[in-house]
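Chemist: Sharing a structure with you now.
Just so it is clear, none of the values below were taken in a lab; they were calculated from the coordinates. Remember, it's a predicted structure, so these values are computed and weren't measured experimentally. Don't worry about glycine lacking a Cβ; one is built from the backbone with ideal geometry, like all the others, and counts go over all protein chains shown.
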Amino acid sequence: MLKNKFISRAVSTVASIAMVFTSIPSINVMDKAVAADTMTAFEITENMKVGWNLGNTLDAKAGDKNGDYATAGLETETSWGCPKANQQLFDAIKAKGFNTVRVPTTWFQHLDADNNIDPEWMARVKEVVDYGIKNDMYIILNVHHENWINRADFANAYDEMQPKLMKIWTQIATEFKDYDQHLIFECMNEPRAAGTDHEWWAAEPVPECEVINKLEADFVKLIRGMDGPYAKTRLLMLPGYVASAEQTFLKEIKLPENDKYLAVSIHAYTPYDFTMNTAVEDHSTFTGAYAQNLADTLQGMRDLFIEKDIPVVIGEMGTSNFGNTEARVAWTTQYFTTTKKYGIPCCLWDNNTVENPKDPGECHGYINRTTGEWHEASLPIINKMMEIMNDDSIVWGSEGKAPTYTHQDLSAGKVFRDEAIEIDASKSKTYENTTPGQEIAWSELEGKEVAIKFTGTTPVLAFSDAEYGNWTEFKPYTVDEENGIAYYLVSQQLPAAWQDLSTVNHMQARTDKVTTIEKMVILNAPEVQIDVPVDKTKKYKIDFANAPKDEGSLVLYFEGEPNTITNGAVGFNGDGWEEVKWEGKTDADGKLTVEIDRTKFPADLKSAECQIWYQPELVDMKDYDFSAEQPGTVVSTTETTTTETTTITTATTTADSSLATTTTEGDVLSVTVIGDANLDNKCTVADAVAILQHIANKDKYELKAQGKVNADVDGQSGITANDALIIQRVDAGVLTEKDLPLAG
């Protein structure tokens, strides 16, 4: 694992610590190996239970001050500041309940010109492996920080990488040929195009995926063709691109056929914003959104692999210590409960770093490797892991297969959409990545599920309010792959995610790639219960109509339990969803006032949403106001609702009288944002849709007075379909807002 997704690891300057424990000689494992019974791949992964990584040790590299990584010796083990591994460390790991140790190992500094491994280095690696084998532990041995693998030209370097990779694994497999199934080989660590713009992520599959599949097929063929009693039954772990947990890369993994002893290797520091991302200011809350992200990621592993009888091992995972122990325990609870039910063993990353002010996203230290004591800050996480693993009510692999459900036939339901349409993620700018928004009310969905018949990529189901705000998406809880039908249990999913169900107004399908939506049908929900992560976030509407434009502050008033720490954000639609974060602590009377500079928000912002993230069960927002030389009105508010107000802008001058209108109140309106028919402060296809709906049914889709003024862009008086066409051309980039209004 590197420091993070964007910064390469720097060599530690921490001095090596004198060892309290002493190493013992390598043990003979021949008797143990020969006596072992042959296990299936899934029996191996179940027996692995929970693992720990000996990080920053045998995988460390020793470079000079110029960053030159030449050939080196045994000193590399301590070059990143970790003490040498010893038997007592492995004993402490075993005693705590870990049954697996992953031993990341870097080899390139220990090769001669012909790629022969230094015998002293091989002997040291064997000695460390034996520390775990002696304890009946499972050991994962791999090829880790190899600079000849992680390279910018990875996609074109197969012919150069393949012989070297095979030479290294030939020597490793020969050295350990008599070790039984407790020893697992992992082909590579995080193979990737280092230094490129897609090193860590890409929206589409990258060509490196195919190269990785070829290298790993060669690796499997090599190991299976070796001599030794366990060559055919040794578990081999194969990662996809960068060992990513992203579906984009997982779906590109192609395992060699007819081999029952392969497992997919995945690294899942998920969700990254919570576990490691230092760009996120606050990590104190494991929010409902984070929980949903984690649930989706783990379910994706289950559905892609476990469901198809392919084992998965999460070789690296964990949360950096941001001083957020309570939140990390909440994350651990969901993570290990879910992976145990799915039958996926997890290996906790430990880099022996407890505090790192320069890079707080890399604090993954759990045990003092000198004393064998567990660090106080992270011990609750370890204890929670072991509590779950020892909880007999959580059965290993009990949900490895998706449950089967009985659904109504599509012909028995209420058809919501019956016209086939292709949607394409690459056409998101013209909103062709979704089906057109169609109106729906919660009364039509209560007690129901939605079925989507499709071909191509499995769609997500999306809901929004009347202004296409509060966009909320759900993945299907089950998919009938044979018939191409995805099912969404909205009767449970929506109430868990949506604060005010009365505001649900649109339902549509979206794709991550290309999908043909053939039909959308509302069915009676089956009598099942699915685990839906509950978002406890509280949300409050804020009307910016009375806000000062260039000065003053937004003042938020909170009340709750005395001396309660809390935080949240004021979010709004700008260039996508944007947030201004806030935090504070209620006083002895349970009150908290938060003041946010008005300039942090767009001058023409119409509305926003205040969210309480941390301890919302103890804190509520009561009021807000805008303070300036002429303060705005204090508006009392309650959760998810606010008093409707209509603000009419009085025009003092107008350059074109055709762009002004008189309301029934007698005030003259001028254009605020050209083309903005739905008053969301933008000119997009959504405005074109609003215009066309208005033309089709003025009673149902009446535009507000200001919207009518903004929408009249074709140079002709009145709102027509031509105005919608012009706006679509703006959204597509054929015209710009500066071209509007067109000359009459």
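Chemist: Mind listing the long-range amide H neighbours of residue 623? Cut-off is under 5 Å, sequence gap 5 or more, other chains count too, H placed in the peptide plane at 1.01 Å from N.
Modeler: Placed amide hydrogens put 557 under 5 Å from residue 623.
Chemist: To the nearest 20 debye, what is the magnitude of the charge dipole of the chain about its Cα centre, counting +1 on the Cβ of each Lys and Arg and -1 on the Cβ of each Asp and Glu? Intermediate results must be reported in sequence, preceding the final value.
Modeler: Values: 65 positive and 115 negative charges, 319 e Å.
Dipole size: approximately 1540 debye.
Chemist: So how far apart, in nm, are the two label points at residue 426 and residue 210 if each is 7 Å from Cα heading toward Cβ?
Modeler: It works out to 1.6 nm between the two label points.
Chemist: Using only Cα atoms, figure out Rg for the range 81-221 and give it as a multiple of 2.2 N^0.38 Å.
Modeler: Values: Rg = 16.5 Å, N = 141, 2.2 N^0.38 = 14.4 Å.
This ratio for the range 81-221 stands at 1.15.
Chemist: Just want the ordering: 69, 261, from fewest to most Cβ atoms lying within 10 Å of their own Cβ. Each step should come with its number before you reach the end.
Modeler: Numbers: 69 16, 261 20.
If I rank by nearby Cβ atoms, fewest first, I get 69, 261.
Chemist: Expressed in whole Å with the largest first, what are the equivalent ellipsoid semi-axes of the chain derived from the C-alpha gyration tensor as the square root of 5 times each eigenvalue? Present the calculation step by step, with values, prior to reporting the outcome.
Modeler: On the way: eigenvalues 577, 174, 128 Å².
Ellipsoid semi-axes (Å, largest first): 54, 29, 25.
Chemist: Quick one: 386, 276, fewest Cβ neighbours within 10 Å first, how do they rank? Write out the running numbers ahead of the final one.
Modeler: Numbers: 386 15, 276 26.
Arranged by neighbour count, lowest to highest, 386, 276 become 386, 276.
Chemist: Can you give the FRET efficiency for residue 465 and residue 401, using 1/(1 + (r/R0)^6), R0 = 51 Å, r = Cβ-Cβ distance, to the nearest 0.05? Intermediate results must be reported in sequence, preceding the final value.
Modeler: Details: r = 37 Å, r/R0 = 0.73.
Step by step, r from the Cβ atoms, then E = 0.85.
Chemist: Let me ask something additional. What is the fewest-to-most order of 111, 494 by other Cβ atoms lying within 10 Å of their Cβ? Walk me through the numbers before you get to the answer.
Modeler: On the way: 111 18, 494 22.
The most exposed by this proxy come first: 111, 494.
Chemist: Angle between the Cα long axis of helix 158-175 and the longest principal axis of the chain, 0 to 90 degrees, nearest 10?
Modeler: Between the helix axis and the principal axis of the chain, the angle is about 50 degrees.
Chemist: Just want the answer: with Cβ charges of +1 for Lys and Arg and -1 for Asp and Glu, which residue in 237, 357, 331 is farthest toward the dipole's positive end in the chain?
Modeler: My answer, from the dipole projection, is 237.
Chemist: Go ahead and estimate [θ] at 222 nm for the chain from helices alone: -39,500 (n - 2.57) per DSSP H run with n ≥ 4, summed, over the residue count, rounded to 500. Please list the in-between numbers first.
Modeler: Numbers: 16 runs with 170 residues, N = 744.
Helix-only estimate at 222 nm: -7000 deg cm²/dmol.
Chemist: If we count every other residue with Cβ under 15 angstrom of residue 112's Cβ, Lys/Arg +1 and Asp/Glu -1, where does the sum land? Display every interim value, and only then the final one.
Modeler: Numbers: positive: 164, 167; negative: 114, 118, 120.
Here the count lands on -1.
Chemist: Measuring from a point 7 Å past the Cα of residue 333 along Cα-to-C-beta, which residues in the range 278-304 have an amide N at less than 17 Å?
Modeler: Only 284-295 fall inside the zone, counting backbone N under 17 Å.
Chemist: Would you mind working out the magnitude of the charge dipole of the range 410-524 relative to its Cα centre, with +1 at each Lys and Arg C-beta and -1 at each Asp and Glu C-beta, to the nearest 20 Debye?
Modeler: Dipole about the Cα centre, nearest 20: 120 debye.
Chemist: Once Lys and Arg get +1 and Asp and Glu get -1 on their Cβ, which of 58, 344, 438 lies farthest toward the positive end of the dipole of the chain?
Modeler: 58
Chemist: In whole Hz, what ³J(HN,Hα) sequence does the range 710-716 give by Karplus (6.51, -1.76, 1.60; θ = phi - 60°), x for Gly and Pro?
Modeler: Listing the rounded values in order: 5, 7, 7, 10, 8, x, 10 Hz.
Chemist: Follow-up. Could you work out the relative contact order of the chain? I mean the mean sequence separation of Cα pairs under 8 Å and 6+ apart, divided by the number of residues, in percent.
Modeler: Details: 1510 pairs, mean separation 62.0, N = 744.
The value is 8 percent.
Chemist: Evaluate the charge dipole of the range 276-324 about its Cα centre and quote only its size in Debye, nearest 20, assuming +1 on the Cβ of each Lys and Arg and -1 on the Cβ of each Asp and Glu.
Modeler: Approximately 80 debye in magnitude.
Chemist: Continuing with the same structure: Compare the peptides 93-102, 185-194, 408-417 by average per-residue count of other Cβ atoms within 10 angstrom and give them in order, highest first. Intermediate results must be reported in sequence, preceding the final value.
Modeler: On the way: 93-102: 21.8, 185-194: 23.6, 408-417: 13.8.
Ranking the peptides 93-102, 185-194, 408-417 by packing returns 185-194, 93-102, 408-417.
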